[in-house]
Amino acid sequence: MLRTTKTLMLVTDVGFVLYFSVTGMGLIPAAWAFADYTNPLMVDWNWSFLWIDLLASATGLTSLWLLRGGGTRGEPLMLVSLVLTMASGLMAIAFWTLRGDFAPAWWIPNLYLLLFPIPAIVRLTAAGRRPAPTSG
């Protein structure tokens, strides 16, 4: 499971950076944009995710770097990244639900952000609850 999580994290964390780069350069075609994409309030809403998404990417990519070679040093940062990613997806899904906007093109990626971290979060938090081995 950890190998799959690492792959999904890498794709997601690079994807966050690419998404905001493409958005900042105005390269998203209107047909792919969410409802009211040019509304200044919606533009601000979209950019409000920049910091949580980039923090998720920074902690995620750093954790992957620390985990290379099979160590566990990066697991605390991995947990932070996964929780931030999940929160980002949840915030977007909550917003689209409140608006009554159920466009699959935006729901699917945000459900992915919300759901893919769950198994690894469970695994990482369960590992933290295991008693330390006793010597003697």
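Any residue that is more than 20 Å from the chain's Cα centre (by Cα), surrounded by fewer than 16 Cβ atoms within 10 Å (Cβ to Cβ), of a type in the set (Asp, Glu) and modelled with pLDDT under 95 - is there at least one of those in segment 31-42?
Yes.
Each row is one residue, and each column tells you yes or no for (1) over 14 Å from the mean Cα position of the chain (by Cα); (2) farther than 29 Å from Ala127 by Cβ.
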site	(1), (2)
Leu8	no, no
Leu18	no, yes
Met25	yes, yes
Gly74	yes, no
Ala92	no, no
Asn110	no, no
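What are the residues in segment 29-82 that are under 19 Å from Gly15 (Cβ atoms) and either among the polar types (S, T, N, Q) or not in a helix (DSSP H, G or I) (or both), if any?
Residues satisfying the conditions are Pro29, Ala33, Phe34, Tyr37, Asn46, Ser48, Phe49, Ser57, Thr59, Thr62, Ser63, Ser81.
Need pairs with beta-carbon distance below 6 Å; first residue more than 30 Å from Ala33 (Cα to Cα) and within segment 97-126, second surrounded by 12 or more Cβ atoms within 10 Å (Cβ to Cβ) and among the β-branched types (Val, Ile, Thr); sequence gap 6+ or separate chains.
What qualifies is Ala120/Thr5.
The values are calculated or read from the model by the stated rules, or taken from the named source; none is laboratory data. For clarity, every value in this text was computed on a predicted model and none was experimentally measured. Here Cβ is always computed from backbone atoms with ideal geometry, including for glycine, and neighbour counts include all displayed protein chains.
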